[in-house]
């Protein structure tokens with residue numbers, strides 16, 4: 001069977017794959033939601049949903065540094081990657097021996113395309129269709145809710161030492177816009193480094209959002225940033241709902257509504 005990934009690369013697989021290695025945490029969660037948990041044979045150390053997945057599957061390393069020997073032992077039928085999460089070098093090395101599907105996600109439309117592709121590849125078209133419908137229903141409901149709320153200028157941080165924010169051409173920036181947030185760093189590409197001096201100089205900033213991942217921001221960081229930005233509200237947000245795509249989107253919009261009601 002021939003199919004294509006989200007980079008337009010042709011993938012040739014002999015049959016519906018039964019042994020899957022996932023190198024992307026959110027895509028691992030998606031596979032489980034599609035009823036494919038029994039076919040997952042390898043995951044990364046960051047694949048934490050569902051909570052039991054790491055203890056039941058072979059750990060093949062991180063998203064940027066994998067254990068090729070482990071993958072060779074597993075001998076998967078297909079490996080699932082992501083353009084941002086994994087490196088080009090990893091994909092090029094793996095595709096010498098295995099079919100590799102690479103996702104490329106910037107919007108919910110991209111997520112839907114990926115789910116459809118998984119439905120085709122893994123013979124889960126019905127499950128994929130049901131999941132897509134649930135996501136679209138939740139998104140429409142939230143859009144009707146958020147359109148009545150005022151927009152806010154925000155800065156969304158994912159890292160400390162140095163501070164790194166979210167810029168344009170990222171899925172997180174897309175999700176900020178869905179929430180009616182105006183990203184003050186949308187004039188910069190991807191994940192710009194921001195100095196403390198630069199942060200203090202931003203005018204008319206309503207909120208600073210500190211993500212729970214990949215850097216584990218906590219209450220102490222709120223106090224630290226408030227010292228430099230006493231007039232700006234600083235809050236912790238669940239980074240998984242802003243950056244995890246796939247089946248996580250079914251729950252994300254309920255989280256966003258609760259978040260909006262606390263602002």
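Quick check on the range 118-164: of everything there that is touching a strand residue (DSSP E or B) at 6+ places or on another chain (Cβ under 7 Å) and without any contact (Cβ under 8 Å) to a residue 60 or more places away in the chain, which residue is nearest to residue 37 (Cα to Cα)? Among them, the one singled out is 164. Among the residues of the range 213-234, those identified as surrounded by 14 or more Cβ atoms within 10 Å (Cβ to Cβ) and either touching a residue at least 60 places away in the same chain (Cβ under 8 Å) or within 13 Å of the chain's Cα centre (by Cα) (or both) are 213, 217, 221. Give the residues of the range 193-207 that are at pLDDT 95 or above and crowded, with 16+ Cβ neighbours inside 10 Å, sorted by residue number. Across the range 193-207, there are no qualifying residues. Checking each residue of the range 41-62 against the condition of being in contact with a strand residue (DSSP E or B) (Cβ under 8 Å, 6 or more places away or on another chain), buried (at least 20 other Cβ atoms within 10 Å of the Cβ), farther than 25 Å from residue 131 by Cα and assigned by TED's automatic domain parsing to the domain that holds residue 122 gives at least one match.
Before we move on, is residue 239 at positive phi and surrounded by 15 or more Cβ atoms within 10 Å (Cβ to Cβ)?
Working: at positive phi: no; surrounded by 15 or more Cβ atoms within 10 Å (Cβ to Cβ): yes.
For residue 239, the condition - at positive phi and surrounded by 15 or more Cβ atoms within 10 Å (Cβ to Cβ) - is not met.
When residue 37 is tested against (1) surrounded by 14 or more Cβ atoms within 10 Å (Cβ to Cβ); (2) within 26 Å of residue 123 (Cβ to Cβ); (3) touching a residue at least 40 places away in the same chain (Cβ under 8 Å); (4) over 16 Å from the mean Cα position of the chain (by Cα), just one condition goes unmet, and that condition is (3). Residue by residue through the range 34-63, note down the ones that are in a loop (DSSP other than H, G, I, E, B) and at positive phi. Selection gives 35 alone.
Check the range 235-242 and report whether any residue there is out of contact with any helix residue (DSSP H, G or I) (no Cβ under 7 Å at 6 or more places or on another chain) and free of Cβ contacts under 8 Å to residues at least 12 places away in the same chain. No, because not a single residue in the range 235-242 is out of contact with any helix residue (DSSP H, G or I) (no Cβ under 7 Å at 6 or more places or on another chain) and free of Cβ contacts under 8 Å to residues at least 12 places away in the same chain. Summed over the range 211-252, residues that are in a helix (DSSP H, G or I) and at pLDDT 95 or above total 9. Inspect all residues belonging to the range 3-16 and state whether any of them is at pLDDT 95 or above, outside any loop (DSSP other than H, G, I, E, B), surrounded by fewer than 24 Cβ atoms within 10 Å (Cβ to Cβ) and out of contact with any strand residue (DSSP E or B) (no Cβ under 8 Å at 6 or more places or on another chain). No; the residues of the range 3-16 include none that is at pLDDT 95 or above, outside any loop (DSSP other than H, G, I, E, B), surrounded by fewer than 24 Cβ atoms within 10 Å (Cβ to Cβ) and out of contact with any strand residue (DSSP E or B) (no Cβ under 8 Å at 6 or more places or on another chain).
The values are calculated or read from the model by the stated rules, or taken from the named source; none is laboratory data. Since we're looking at a predicted model, the values are computed, not measured. Neighbour counts are summed over all protein chains in view; Cβ atoms, including those assigned to glycine, are modelled from backbone coordinates with ideal geometry.
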